[in-house]
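Following: one structure in structure tokens, then a few remarks.
The values are calculated or read from the model by the stated rules, or taken from the named source; none is laboratory data. If you're wondering where the values come from, they're calculated on a predicted model, not measured in any experiment. As a convention, Cβ positions derive from the backbone with ideal geometry for all residues, glycine included, and neighbour counts pool all protein chains shown. SASA here: full protein model, heavy atoms, side chains in, ligands and nucleic acids out. Shrake-Rupley method; radii C 1.70, N 1.55, O 1.52, S 1.80 Å.
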Amino acid sequence: MDTTRLPPRDATLTGPVGAPVTITWDTWGTPHVRARSRRDLAFGLGYATAQEHFWRLEYCRRQARGTLAAVLGKGALQSDRTMRLVALGRHADQAWQREPDLVVESLLGLADGINAWRETAIAEKRLPIEFEWLGFEPAPWTAADSVAVWKGRWWSLTSRLENVALAEAARRRLPPALHAAFMATELGDEIIIPSDLSPAAHSAPRVPGGADTGEGSNNWAVAGSRTTTGYPVLCSDPHNPFTQPSQWFSVHLTLEDASVDAAGMAYIGGPCVYMGRNRHIAWGFTNHVAPQRDLYIEDGELGPPEVETIEVRGEAPVRFEVVRTPRGPVANAIAPSLEPDGTHPAP
């Protein structure tokens, strides 16, 4: 087995940082990053993330910016068209500098750390094998790339244009009473565990209220009074698709003054512990099946289209037009049709 591409482990980083940053990897493959400032801590996180997930970083960046087809070929065209239409990369380029100073500082530190490993990997020929197979070197990482990757994640979780279209179809075609019942998709008091947990409640067979198909993400907690240790337990189960390389990165981040001491899972390309714990609290997240955007029927005069050009590996570039309005792009290409013949209103 060729091990020359494997990154070195424990390190003390003295590059563009205010004070040395240490990275110590444990037997579980988790890096423990220790630094003096928040920017330097993000630098160490970026460096360690790139060591483990450089190809995944590149893939997610290209996916969010709509440039996958340039390296993967025509099979990525539909993804690129969608991302160019919703312009996640463009929004990221405009948005990152408007974030609070602490966020900007962390994004810049993270990018510096990723690029520090990038330069080392190129110089020492340690780039992941995918780059050799596809015949290119990754461009430097930017703070905006992290925002684009994050926007790409949330698009995958909350685009839900089919839900918007389905609700509108129900409004148009169902009688009022049936429409109201259809839209009441969940019960506010639905539970999985019976409310009465006393021994007497289980003396006879019973069917607990609620149900769980296992199709959605969830969080749940158990009070310390109900655990064997006496400590509460928090579980966070985001139900994300399995990918390899993973989208998650187990890490422990510590500032020397102890103002940050958190362990858990970072989302690759992000500058923090996304789900995890410190010495006082634990946190997680789940995603509800709620669309974060609206669809409109545009009936006024639209402006001239923008022409997007997508590079395609091994083939001629593909050009397509995007019409943008004050409410967003015309989304006929990605929104489900409400008409029997599958048509959309003309842009």
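Where Lys and Arg each count +1 and Asp and Glu each count -1, what net charge lies around residue 7 among other residues with Cβ under 10 Å from its Cβ? So the environment of residue 7 carries a net charge of +1. Think of a 1.4 Å ball rolled over the protein heavy atoms: the chain then has 59 Å² of accessible area per residue. Comparing 331, 244, 227 along the charge dipole axis of region 212-347, the residue lying farthest to the positive side is 227, per the Cβ-charge model.
Based only on Cα atoms, what Rg/Rh ratio does the chain have, Rh being taken as Kirkwood's radius? Can you show the working numbers first?
Values: Rg = 24.1 Å, Rh = 23.5 Å.
Here the Rg-to-Rh quotient is 1.03.
Taken over the Cα atoms of region 267-347, the convex hull encloses 209 Å³ per residue. The packing ranking of peptides 313-326, 112-125, 4-17, highest mean first, is 112-125, 4-17, 313-326, where packing means the average number of other beta carbon atoms within 10 angstrom of each residue. Taking a span of 24 Å or more along the helix axis (Cα atoms) and a mean Kyte-Doolittle hydropathy of at least 0.5 as the rule, the DSSP H helices of the chain that qualify are 101-123. Structural descriptor for region 34-168: relative contact order 34 percent, calculated from alpha carbon pairs under 8 angstrom and at least 6 residues apart. Taking the protein heavy atoms of the chain in the context of the full set of protein chains, the accessible area attributed to carbon and sulfur is 55 percent at 1.4 Å.
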